[in-house]
Amino acid sequence: MLTIDMTPAHSLTVSLRPAGEAYDFEYFRDRLAEPTILADAVAVRVFRAPLLAVPVGGSRRGGYMSFDLLSLAVEARGLLTDQPGFPTLRVRWSPYRDTCHTVEWGEPAPGWWEDDAVFGRFYGYSEAAIAAFLQRPLQTPSSASDPCSPTARSRRRGPSFPPRTREDEHHVRAHPAVSHG
């Protein structure tokens with residue numbers, strides 16, 4: 001008779017670490033309008049990779065982190081529950097296999113159709129950081145390089161390949177795969 005031990009050899013745990021250990025701590029410190037809110041920030045570590053969870057406060061009205069596994073998102077939400085600055089924690093499950101699940105906190109984010117400056121202010125970025133972001137050249141992963149064969153390139157139809165406008169970029173960004181702490 002075959003028996004299977006359903007206990008994992010090691011668990012895929014999520015843990016909280018000091019904010020300064022986060023790989024992206026300096027990124028947020030340099031771009032937030034009020035970096036003093038980082039006093040209540042924590043690093044959420046998954047697979048030995050700590051990323052910053054920035055609390056709401058001041059002009060920052062919300063935040064989120066993305067996870068490829070729903071179980072990791074649920075575990076992260078549980079850990080953030082007792083942390084100051086993370087109100088209204090919720091997990092947003094994605095039914096799409098190529099899109100991450102998110103843990104969100106604070107107010108609901110603006111609609112995907114909103115201007116980038118609206119998003120920047122919602123997430124508490126400084127006006128200088130928002131202006132620098134708006135001045136960057138538009139580029140999506142699909143427009144960074146052209147991996148298609150000449151035959152595939154010749155079969156492309158329509159103006160939407162790859163996205164070229166801010167509105168198209170917002171649509172691509174509607175299901176984030178990065179952290180807005």
Inset, instruction - Compare the peptides 99-108, 85-94 by average per-residue count of other Cβ atoms within 10 angstrom and give them in order, highest first. - result: 99-108, 85-94
Legend entry - Residue-level accessible surface for Leu134, protein heavy atoms, 1.4 Å, Å²: 60 Å²
Legend entry - Segment Val91-Ala49, extension gain: residue separation times 0.36 nm, minus the distance between their alpha carbons: 13.1 nm
Legend entry - Overall dimensions of the range 1-134 as given by Cα atoms, namely Rg and Dmax in Å: 16.6, 67
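State the volume of the convex hull built on the alpha-carbon positions of the range 18-86, expressed per residue in Å³ and rounded to an integer.
Working: hull volume 5.8 nm³, N = 69.
Looking at the range 18-86, the number lands at 84 Å³ per residue.
The values are calculated or read from the model by the stated rules, or taken from the named source; none is laboratory data. Since this is a predicted model, take the numbers as computed values, not measurements. Positions of Cβ are backbone-derived with ideal geometry, glycine not excepted, and every protein chain shown enters the neighbour counts. Keep in mind that these areas ignore ligands, DNA and RNA; they rest on the heavy atoms of the full protein, side chains included. Shrake-Rupley method; radii C 1.70, N 1.55, O 1.52, S 1.80 Å.
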